[in-house]
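The values are calculated or read from the model by the stated rules, or taken from the named source; none is laboratory data. Predicted model, so just to flag it, every value in this text is computed and none were measured. Ideal geometry is used to build each Cβ from the backbone, glycine not excepted, and the neighbour counts take in all protein chains shown. These accessible areas exclude ligands, DNA and RNA; they are computed on the full protein's heavy atoms, side chains included. Shrake-Rupley method; radii C 1.70, N 1.55, O 1.52, S 1.80 Å.
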Amino acid sequence: MARVLVTRRLPDGGLEPLERAGHELVARADDRPFTHDELVAAAPDVDAIVCLLTDRIDRDVLSAGAGAGRLRVVANVAVGYDNIDVAAATELGIAVCNTPGVLDETTADLAFLLILAASRLAHDAEADLRAGRWSGWGIMQYLGRDVHAATLGLVGYGRIGKAVARRAAGFGMSVLHHTRHDTGMAGWAGDLDRMLAEADIVSMHVPLTDATRHLIGARELGLMRSTAVLVNTARGPVVDEEALAIALEDDTIFAAGLDVFEREPEVHPRLLAAPRAVVLPHIGSATTATRTRMAVVAGEAVRAVLAGETPANRVTPA
Ligand code: GLV
């Protein structure tokens with residue numbers, strides 16, 4: 001029987017694979033987040049950690065676990081794992097797992113929600129209505145941009161990007177996708193600058209890495225159409241938040257829809273005050289069914305590693 005630290009409360013049933021295998025789950029009754037120091041202190045006493053993207057699992061945490069000769073696996077209940085030092089884990093022989101494949105459709109739904117809401121100025125219109133500022137139907141009010149038949153530029157074309165492309169087909173959109181390597185698929189745009197200049201809507205679907213940090217900054221926003229909409233459901237730091245706020249203030253682009261931010265839970269005050277921005281608190285995968293599946297996938301990965309198996313969702317080399 002192994003000891004598994006579960007850093008936060010998970011959806012009901014999420015930890016079943018670990019419970020069935022008879023492992024001991026260590027969790028806080030009050031769901032208080034572990035501070036970084038508390039994670040470092042807890043790591044030596046467990047064989048595995050099930051964590052969230054809000055937990056920073058850096059070299060200190062991993063070394064504390066490896067130093068005690070106990071920690072074997074860290075499973076992030078998320079598809080993105082930029083909160084974990086994967087290089088350090090690899091070096092220390094600790095497996096890192098994520099939850100790919102189970103949240104694509106739910107996250108793509110949310111990306112489309114932001115595409116629609118930002119393009120049609122839904123947030124500004126609703127805010128006016130709720131605040132009693134709506135004086136009745138007006139032919140010149142809340143003039144947005146059409147989503148149907150628009151050109152959608154996807155930055156990144158993994159599972160979530162492809163799920164967004166499938167939805168776009170139903171809206172009669174032309175879909176381009178930018179990846180560094182030729183996908184060989186219709187719509188591949190090798191030149192990001194060119195795609196940014198052509199797209200009516202740009203949607204981000206890349207993981208956060210050194211190569212994608214601030215992939216969209218002032219220069220890239222300047223290449224986009226003044227009628228364009230930028231959507232980010234990937235990771236906040238792939239877009240320079242201050243540059244985006246300025247681009248909205250200056251009408252460099254038309255609107256933005258964001259589910260992720262550079263320093264969550266903080267949002268750049270200038271972005272919060274910027275016009276035509278729809279902002280959501282990182283809810284891309286937030287449905288009961290999907291969040292439960294994510295927890296099960298993470299739990300199952302931990303069970304597998306502890307049983308000496310190599311799960312397909314292991315991101316460190318076997
Ligand atoms: C959510 O942002 C995830 O990476 O799963």
Exercise for review: Show the residue pairs that are 6+ apart or on different chains and have beta-carbon atoms under 7 Å apart, the first residue being within region 242-261 and assigned by TED's automatic domain parsing to the domain that holds Leu116 and in contact (Cβ under 8 Å) with a residue 40 or more places away in the chain, the second being part of a loop (DSSP other than H, G, I, E, B) and open to solvent by less than 10 Å² (accessible area, probe 1.4 Å).
Suggested key: Phe254/Ala228; Asp259/Gly284
Check your understanding: Say we look at region 284-318 and pick out the residues that are part of a loop (DSSP other than H, G, I, E, B) and of a type in the set (Gly, Ala, Ser); which of these is farthest from the ligand (Cβ to nearest atom)?
Key -> Gly308
Point to revise | Search result, residues across region 221-266 that are within 16 Å of the ligand (Cβ to nearest atom), in a strand (DSSP E or B) and not aliphatic (A, V, I, L, M) | key: Asn232, Gly257, Arg263
**Study point:** Restricting region 47-56 to residues that are within 14 Å of the ligand (Cβ to nearest atom) and either open to solvent by less than 10 Å² (accessible area, probe 1.4 Å) or in a strand (DSSP E or B) (or both), the residue that is farthest from Met294 (Cα to Cα)
**Key:** Asp55
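Each row is one residue, and each column tells you yes or no for (1) open to solvent by 50 Å² or more (accessible area, probe 1.4 Å); (2) aliphatic (A, V, I, L, M); (3) assigned by TED's automatic domain parsing to the domain that holds Ile57; (4) more than 13 Å from the ligand (Cβ to nearest atom).
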residue: Asn83; (1), (2), (3), (4): no, no, yes, no
residue: Val86; (1), (2), (3), (4): no, yes, yes, yes
residue: Leu92; (1), (2), (3), (4): yes, yes, yes, yes
residue: Val96; (1), (2), (3), (4): no, yes, yes, yes
residue: Ala108; (1), (2), (3), (4): no, yes, no, no
residue: Leu113; (1), (2), (3), (4): yes, yes, no, yes
residue: Arg133; (1), (2), (3), (4): yes, no, no, yes
residue: Trp137; (1), (2), (3), (4): yes, no, no, yes
Point to revise | So Arg219, is it touching a Pro at 6+ places or on another chain (Cβ under 7 Å) and surrounded by fewer than 19 Cβ atoms within 10 Å (Cβ to Cβ) | key: no
Review point. If only one of Pro281, Pro269 is within 16 Å of the ligand (Cβ to nearest atom), without any contact (Cβ under 8 Å) to a residue 60 or more places away in the chain and either within 13 Å of the chain's Cα centre (by Cα) or open to solvent by 50 Å² or more (accessible area, probe 1.4 Å) (or both), which one is it?
Key: Pro281
Practice item. Could you tell me whether region 181-200 includes any residue that is open to solvent by 40 Å² or more (accessible area, probe 1.4 Å) and under 23 Å from Ser285 (Cα atoms)? Key: no
**Study point:** Residues (hydrophobic (A, V, I, L, M, F, W, C), over 19 Å from Gly156 (Cβ atoms) and touching a Ser or Thr at 6+ places or on another chain (Cβ under 8 Å)) located in region 196-252
**Key:** Ile246
Check your understanding: Counting only residues that are among the acidic types (Asp, Glu) and part of a loop (DSSP other than H, G, I, E, B), which one in region 25-46 is nearest to the chain's Cα centre (by Cα)?
Key -> Asp31
Practice item. Taking the residues in region 198-216 that are in contact with a Gly (Cβ under 9 Å, 6 or more places away or on another chain) and small (Gly, Ala, Ser) as candidates, determine which candidate is nearest to Gly172 (Cα to Cα). Key: Ala199
